[in-house]
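Asker: Before I ask anything, let me first share the structure, which is written out below as structure tokens.
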């Protein structure tokens with residue numbers, strides 16, 4: 001999949017690929033759940049009928065993250081289902097031809113729907129555009145499907161929307177998946193995602209405390225945005241084609257004075273140097289919430305209990 005990085009590169013792409021015609025969609029696509037997949041399936045089918053390539057516009061960061069970071073709202077930003085690198089990987093695996101990364105900043109925030117159409121959509125050779133039935137865009141989110149449809153009628157761009165996908169009679173959404181993960185309902189999350197919830201990350205150096213208490217851990221890089229999980233979990237991990245069982249803690253590690261969220265994974269029967277490598281972590285069962293212990297000895301004792309329970313749960 002070819003990645004167009006930012007609005008500034010759209011015109012450059014068009015100059016280099018003047019005869020590349022597109023069928024496109026727009027969204028945040030956090031998690032690429034079955035609702036998103038329905039849109040992409042329609043996109044691929046339409047592209048096949050029209051003889052065009054597929055293009056996905058996606059924004060980064062999430063608009064709610066931007067507003068929260070700028071102090072423009074009292075609401076906290078929503079937890080991430082996946083960082084943008086994982087979103088790119090998922091889109092690539094889904095067989096999308098092109099992706100256009102639009103940075104959500106003050107410029108994009110204040111752009112009117114009309115200017116969004118003129119400066120972004122019309123800069124690409126679009127033959128069709130598919131959006132979700134609740135799609136809104138532009139400053140104050142005043143742009144909607146009707147505006148896009150009117151534009152499409154004037155420019156011979158086929159504009160259509162995809163109906164909401166339901167599961168158990170309720171709308172499939174990233175918000176619903178986040179709630180399922182926070183409640184450790186991994187079966188529901190898997191149904192809504194169309195796959196198990198997995199976090200893929202690179203192993204980075206930590207403070208190596210785990211080694212001092214005979215529980216070495218792999219610390220995974222996580223984005224600045226918080227994840228949709230918190231606590232201690234029984235997990236399975238994939239590393240270079242092999243599966244391992246283990247235990248993971250997602251939190252700030254209050255017993256040792258931690259402040260920043262860290263995802264630590266202890267793999268059972270594993271003794272390899274994997275710094276700088278990526279592992280996939282699938283969360284199976286929640287064991288407990290994170291808590292602050294009176295001392296490292298109490299923490300060590302609890303970790304051994306957690307490991308014993310995780311091994312039983314993963315049998």
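Asker: What's the Kirkwood radius of the stretch 144-250 in Å, using all Cα pairs?
Answerer: Hydrodynamic radius (Kirkwood, Cα pairs) of the stretch 144-250 is 17.6 Å.
Asker: Next question, about the same structure. Using 7 Å Cα-to-Cβ label points, what is the residue 45/residue 123 separation (nm, one decimal)?
Answerer: 3.2
Asker: Further question: Of all DSSP beta bridges located in the chain, what percent are antiparallel, nearest 5? Write out the running numbers ahead of the final one.
Answerer: Numbers: 35 of 61 bridges.
Approximately 55 percent, going by the DSSP bridge assignments.
Asker: Multiplying the sequence separation of residue 238 and residue 302 by 0.36 nm and subtracting their Cα-Cα distance, what value in nm do you get? Each step should come with its number before you reach the end.
Answerer: Details: separation 64, 0.36 × 64 = 23.04 nm, distance 2.56 nm.
The residue 238-residue 302 span can extend by a further 20.5 nm.
Asker: Can you give the calculated 222 nm mean residue ellipticity of the chain, where each DSSP H run of n ≥ 4 adds -39,500 (n - 2.57) and the sum is split over every residue, rounded to the nearest 500 deg cm²/dmol? Walk me through the numbers on the way to the answer.
Answerer: On the way: 11 runs with 103 residues, N = 315.
Roughly -9500 deg cm²/dmol at 222 nm, from the helical runs in the chain.
Asker: Please determine, in degrees from 0 to 90 and to the nearest 10, the orientation of helix 296-313 with respect to the longest principal axis defined by the Cα atoms of the chain, where the helix direction is its Cα long axis.
Answerer: The angle comes out at about 70 degrees.
Asker: Next question. Compute the helix-to-body angle for 84-93: its Cα long axis versus the longest principal axis of the chain, expressed 0 to 90° and rounded to tens.
Answerer: In the chain, helix 84-93 runs at an angle near 70 degrees to the longest axis.
Asker: Calculate, for residue 278 and residue 142, the FRET efficiency according to 1/(1 + (r/R0)^6) with r their C-beta to C-beta distance and R0 41 Å; round to the nearest 0.05. Don't skip to the end; give the middle numbers.
Answerer: Numbers: r = 41 Å, r/R0 = 1.00.
Result of the calculation: an efficiency of 0.50.
Asker: Can you tell me how much longer the chain between residue 288 and residue 155 gets when fully stretched, taken as 0.36 nm per residue apart minus their C-alpha distance, in nm with one decimal?
Answerer: 42.2 nm
Asker: Then there's this: Which value in Å does the Kirkwood hydrodynamic radius of the stretch 2-165 take, with 1/r averaged over all unlike C-alpha pairs and then inverted? Kindly include the intermediate steps, with their values, before the conclusion.
Answerer: Values: mean 1/r = 0.0619 Å⁻¹.
About 16.2 Å, per the Kirkwood formula over Cα pairs.
Asker: Right, here's the next one. What does the extension gain come out to for residue 20 and residue 134, with contour length at 0.36 nm per residue minus their alpha carbon separation?
Answerer: On the way: separation 114, 0.36 × 114 = 41.04 nm, distance 2.85 nm.
Extra length available between residue 20 and residue 134 comes to 38.2 nm.
Asker: Mind pulling the angle between the C-alpha long axis of helix 34-50 and the longest principal axis of the chain? Nearest 10 degrees, somewhere in 0 to 90.
Answerer: 40
Asker: Another one. Taking only the alpha carbons of the stretch 197-313, what extent do you get along each of the three principal axes, in Å, biggest first?
Answerer: Projected onto its principal axes, the Cα set of the stretch 197-313 covers 39, 33, 26 Å.
Asker: Evaluate E = 1/(1 + (r/R0)^6) for residue 92 and residue 252, where r is the Cβ-Cβ distance and R0 equals 45 Å; express this FRET efficiency to the nearest 0.05.
Answerer: Details: r = 33 Å, r/R0 = 0.73.
Once the sixth-power term is evaluated, E becomes 0.85.
Asker: Same structure, new question: Test of understanding: express the Cα radius of gyration of the chain as a ratio to 2.2 N^0.38 Å, with N the residue count. Present the calculation step by step, with values, prior to reporting the outcome.
Answerer: On the way: Rg = 22.0 Å, N = 315, 2.2 N^0.38 = 19.6 Å.
Dividing the Cα radius of gyration by 2.2 N^0.38 Å gives 1.12.
Asker: Quick check on packing: order 41-53, 268-280 by the mean number of other C-beta atoms within 10 Å, highest mean leading. If you can, show how the numbers build up before the last one.
Answerer: Working: 41-53: 16.2, 268-280: 12.3.
The packing order, highest mean first, is 41-53, 268-280.
Readers should treat all values here as calculations from the given coordinates under stated rules, not as data from a laboratory. Fair warning: this is a prediction, and the values are worked out from it, not measured in the lab. Backbone-built Cβ (ideal geometry, glycine too); neighbour counts: all protein chains shown.
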